[in-house]
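Participant: Sharing a structure below in structure tokens format, with a few things to ask.
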Amino acid sequence: MLELSSIVNNKISCMKKPQRYRLEFDDWLPKRPQKIKRERILVTVCIAAISKNIVPTDPGLMVIGATDRMLTGGDIEFEPKLANKIVHFSTAISGMFAGDFGLQTEIIRSVLPIVQDRIKAEPLTWWKVEDVAKLYSVFLKKVHLQRSENAILAPYGLDINTFISKQKDMHWELVKQLASKLAQFEAPSVQAIFCGHDLTGAHIYVVDNSANVICHDVVGFAAIGAGYWHADSQFMFAEHNPFKSFAETLLLTYSAKKHAEVAPGVGEDTDMFLIGPVLGSCVPNVGEHVLEKLEKTYQTNQKRKLQIDLRSQAELGKYIGETIKKSAAPNQQEPTSPSSTNEPPPPDEQSPPSDEKRD
């Protein structure tokens, strides 16, 4: 039997046992509930589509663009009556932008002077739509890096260059944590569409929030923002391609924008522009009379579709009712009696014998 003193000494020695030093503070500090990351939805919708020439007999393709006017800045959403989200970099290339307007303004102010300065210096050299989209992508990456430096490295007196050069003098755990935060840093979400004409034809490019440049020339349409899926579905159901007629594509683009208004954050006002078919020809703002005609045509089509749907529903309801009656009719009839045979029934055993002639 152990003595009391030995038991006490054993407990004291266990209590005094040195704890392993842990660099990961989260290992022994109370766990805090993790925040659920909610992806920021880009309010607005921007749409671009390629079609045939406005004159069917003439060759060449046109580009049609449409946007709403809803703007986002941080947690603020509003729809000014005079502002729009279309930037014409030249008479042949235009851009449409979704997401945080502060971040977009910062990028556009860097891209626009470069494009315009080269146009002034080399007026006969046409910008490629792809090159303008890639230039925007470069500055988008730069702005993301600057904001991550200000949020993560600046409190330590570092920037991206000093963070790389001084890593050998820093504790490896601090380097690991800072690198992880830089990789996970989330700047305000933005997207952009660049469309227009260059020497190689009509083009549509989309730049996503990761600065990827994606070409949409083959499908002939693109949409960004909160209402992008509603707009894309209209083009997909219509089986759109870049060689559809101008009138069909113009109405389809306007209809896609109207359908996108069901998405949260998509404004009701509409701005549209046209580029092509001649290199350098552009209608920066489609007139109000054209938008009014498009609205009347759209509303007329919606009423016709509603009438057709109601008529189809009535016909289908009548068919279903008749089918139910036919299937229920045999069950309501009485069972039929068994069929009679030509053979006479067997004689009754208790009946008297019939009179027969005897020999």
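Participant: So the check is Cβ under 7 Å with 6+ separation or different chains; which pairs have a first residue in the range 250-265 that's β-branched (Val, Ile, Thr) and a second one that's open to solvent by less than 10 Å² (accessible area, probe 1.4 Å)?
Facilitator: Qualifying pairs under 7 Å: 253/47; 253/49; 253/64; 253/66.
Participant: Within the range 224-249, which residues are under 26 Å from residue 210 (Cβ atoms), open to solvent by less than 40 Å² (accessible area, probe 1.4 Å) and free of Cβ contacts under 8 Å to residues at least 40 places away in the same chain?
Facilitator: Listed by number, the residues that qualify are 232, 233.
Participant: Restricting attention to the range 176-217, report how many residues are open to solvent by less than 70 Å² (accessible area, probe 1.4 Å), of a type in the set (A, V, I, L, M, F, W, C) and free of Cβ contacts under 8 Å to residues at least 12 places away in the same chain.
Facilitator: Total meeting the criteria: 1.
Participant: In the list 254, 228, which residue meets the criterion of being out of contact with any Cys (no Cβ under 6 Å at 6 or more places or on another chain) and at pLDDT below 95?
Facilitator: Step by step, each of 254, 228 is checked, and only 228 is out of contact with any Cys (no Cβ under 6 Å at 6 or more places or on another chain) and at pLDDT below 95.
Participant: Identify, from the list 158, 124, the residue that is hydrophobic (A, V, I, L, M, F, W, C), in a loop (DSSP other than H, G, I, E, B) and exposed (fewer than 12 other Cβ atoms within 10 Å of the Cβ).
Facilitator: Selected residue: 124, the only one of 158, 124 that is hydrophobic (A, V, I, L, M, F, W, C), in a loop (DSSP other than H, G, I, E, B) and exposed (fewer than 12 other Cβ atoms within 10 Å of the Cβ).
Participant: Quick one: is residue 206 closer than 15 Å to residue 47 by Cβ, hydrophobic (A, V, I, L, M, F, W, C) and in a strand (DSSP E or B)?
Facilitator: yes
Participant: List the number of the failed condition for residue 133; all other conditions in (1) open to solvent by 10 Å² or more (accessible area, probe 1.4 Å); (2) at pLDDT 95 or above; (3) touching a strand residue (DSSP E or B) at 6+ places or on another chain (Cβ under 7 Å); (4) hydrophobic (A, V, I, L, M, F, W, C) hold.
Facilitator: Condition (1) is where residue 133 drops out.
The values are calculated or read from the model by the stated rules, or taken from the named source; none is laboratory data. Since this is a predicted model, take the numbers as computed values, not measurements. Heads up, the Cβs are rebuilt from the backbone with ideal geometry, glycines too, and the neighbour counts pull from every protein chain shown. Surface areas here come from the heavy atoms of the whole protein model, side chains and all, with no ligands, DNA or RNA. Shrake-Rupley method; radii C 1.70, N 1.55, O 1.52, S 1.80 Å.
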